[in-house]
């Protein structure tokens with residue numbers, strides 16, 4: 001559903017902030033939908049490696065995307081910039097990177113009342129927010145997903161980074177707090 005809401009089509013050059021489960025889903029599904037270019041930004045080198053494996057064309061550490069050097073090369077170069085984390089600071093970083101008439105997209109919930117620094121933005125851009133799945137759109141999205149699963153091109157295990165037995169639940173929570181986990185399977 002978010003692909004339709006965010007107007008993601010094959011000719012788009014996309015930057016995804018966040019290589020957790022949501023960001024990786026945008027990267028993997030974007031590759032399967034045939035997006036022209038998908039780049040990823042994250043604080044974790046390990047998650048960026050996984051983003052590359054999922055199909056990201058280029059991966060950037062989050063502290064580099066606000067540098068003058070990065071902005072000089074990438075300013076106003078993306079059709080769509082996706083915040084897959086839900087942070088005001090990411091939305092503001094996205095403003096300098098989106099093309100005139102492009103889309104800054106937020107998947108999830110930003111807390112509080114965000115302040116946008118429009119002096120960084122092109123004169124015209126779209127802010128798209130996907131806070132909750134729409135049943136009809138999610139239902140329609142199931143068809144290509146099931147086809148990819150049946151064909152073996154999409155596999156849930158690609159998103160599972162850790163497996164724990166139930167008596168290791170404290171270890172699982174500690175790994176989550178350290179930011180090491182994409183998805184965890186607990187066995188009983």
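The values are calculated or read from the model by the stated rules, or taken from the named source; none is laboratory data. Worth saying up front: this structure is predicted, and the values here are computed from it rather than measured. Please note: Cβ atoms are built from the backbone with ideal geometry, for glycine as well, and neighbour counts cover all protein chains shown.
Considering each residue of segment 105-125, count those that are free of Cβ contacts under 8 Å to residues at least 40 places away in the same chain and surrounded by 11 or more Cβ atoms within 10 Å (Cβ to Cβ), and give that number.
Going residue by residue through segment 105-125, those that are free of Cβ contacts under 8 Å to residues at least 40 places away in the same chain are 106, 109-121, 123-125.
Then drop every residue that is not surrounded by 11 or more Cβ atoms within 10 Å (Cβ to Cβ), which leaves 106, 110, 114, 116-118, 120-121, 125.
Residues in segment 105-125 being free of Cβ contacts under 8 Å to residues at least 40 places away in the same chain and surrounded by 11 or more Cβ atoms within 10 Å (Cβ to Cβ): 9 in total.
Just the residues that are in a loop (DSSP other than H, G, I, E, B), touching a helix residue (DSSP H, G or I) at 6+ places or on another chain (Cβ under 9 Å) and surrounded by fewer than 17 Cβ atoms within 10 Å (Cβ to Cβ), please, taken from segment 2-29.
Residues satisfying the conditions are 9, 10.
State all residues of segment 155-167 that are loosely packed, with under 12 Cβ neighbours inside 10 Å and within 18 Å of residue 22 (Cβ to Cβ); if no residue qualifies, say none.
Scanning segment 155-167 gives 155, 156, 157.
Taking segment 30-52, which residues are assigned to a helix (DSSP H, G or I), closer than 22 Å to residue 180 by Cα and in contact (Cβ under 8 Å) with a residue 40 or more places away in the chain?
Let us first name the residues in segment 30-52 that are assigned to a helix (DSSP H, G or I), namely 30-33, 45-52.
Pick out the ones that are also closer than 22 Å to residue 180 by Cα and you get 45-52.
Within segment 30-52, 46, 47, 50 meet the criteria.
Which members of segment 22-41 meet the condition of being more than 24 Å from residue 71 (Cβ to Cβ) and within 8 Å of the chain's Cα centre (by Cα)? Steps first, answer last, please.
Step one: list which residues in segment 22-41 are more than 24 Å from residue 71 (Cβ to Cβ), which gives 22, 24-25, 28-29, 31-34.
Once the filter is applied, which keeps residues that are more than 24 Å from residue 71 (Cβ to Cβ) and within 8 Å of the chain's Cα centre (by Cα), segment 22-41 yields 22, 24, 25.
From the residues in segment 168-186 that are assigned to a loop (DSSP other than H, G, I, E, B) and out of contact with any strand residue (DSSP E or B) (no Cβ under 7 Å at 6 or more places or on another chain), which one is surrounded by the most Cβ atoms within 10 Å (Cβ to Cβ)? Step through it out loud before you land on a result.
Quick first cut of segment 168-186, residues assigned to a loop (DSSP other than H, G, I, E, B) only: 178-183.
Pick out the ones that are also out of contact with any strand residue (DSSP E or B) (no Cβ under 7 Å at 6 or more places or on another chain) and you get 178-180, 182-183.
Working: 178: 8, 179: 12, 180: 14, 182: 17, 183: 15.
Among residues in segment 168-186 that are assigned to a loop (DSSP other than H, G, I, E, B) and out of contact with any strand residue (DSSP E or B) (no Cβ under 7 Å at 6 or more places or on another chain), the one surrounded by the most Cβ atoms within 10 Å (Cβ to Cβ) is 182.
Can you pull out every residue in segment 133-154 that is out of contact with any helix residue (DSSP H, G or I) (no Cβ under 7 Å at 6 or more places or on another chain), part of a loop (DSSP other than H, G, I, E, B) and closer than 24 Å to residue 184 by Cβ?
Across segment 133-154, the qualifying residues are 133, 152.
In this structure, does residue 102 turn out to be surrounded by 11 or more Cβ atoms within 10 Å (Cβ to Cβ), out of contact with any helix residue (DSSP H, G or I) (no Cβ under 7 Å at 6 or more places or on another chain) and in a loop (DSSP other than H, G, I, E, B)? First the steps, then the outcome.
Values: surrounded by 11 or more Cβ atoms within 10 Å (Cβ to Cβ): yes; out of contact with any helix residue (DSSP H, G or I) (no Cβ under 7 Å at 6 or more places or on another chain): yes; in a loop (DSSP other than H, G, I, E, B): no.
Answer is no for this residue.
Among the numbered criteria (1) surrounded by 14 or more Cβ atoms within 10 Å (Cβ to Cβ); (2) in the same structural domain as residue 6 (by TED's automatic domain parsing); (3) within 21 Å of the chain's Cα centre (by Cα), which single criterion is violated by residue 148?
Of the numbered conditions (1) surrounded by 14 or more Cβ atoms within 10 Å (Cβ to Cβ); (2) in the same structural domain as residue 6 (by TED's automatic domain parsing); (3) within 21 Å of the chain's Cα centre (by Cα), the odd one out for residue 148 is (2).
Counting just the residues of segment 66-86 that are part of a loop (DSSP other than H, G, I, E, B) and touching a residue at least 60 places away in the same chain (Cβ under 8 Å), which one comes out farthest from residue 125 (Cα to Cα)? First the steps, then the outcome.
Filtering segment 66-86 for residues part of a loop (DSSP other than H, G, I, E, B) gives 66-67, 75-77, 84-86.
Checking which are touching a residue at least 60 places away in the same chain (Cβ under 8 Å) leaves us with 77, 84-85.
On the way: 77: 13, 84: 18, 85: 20 Å.
The residue in question is 85.
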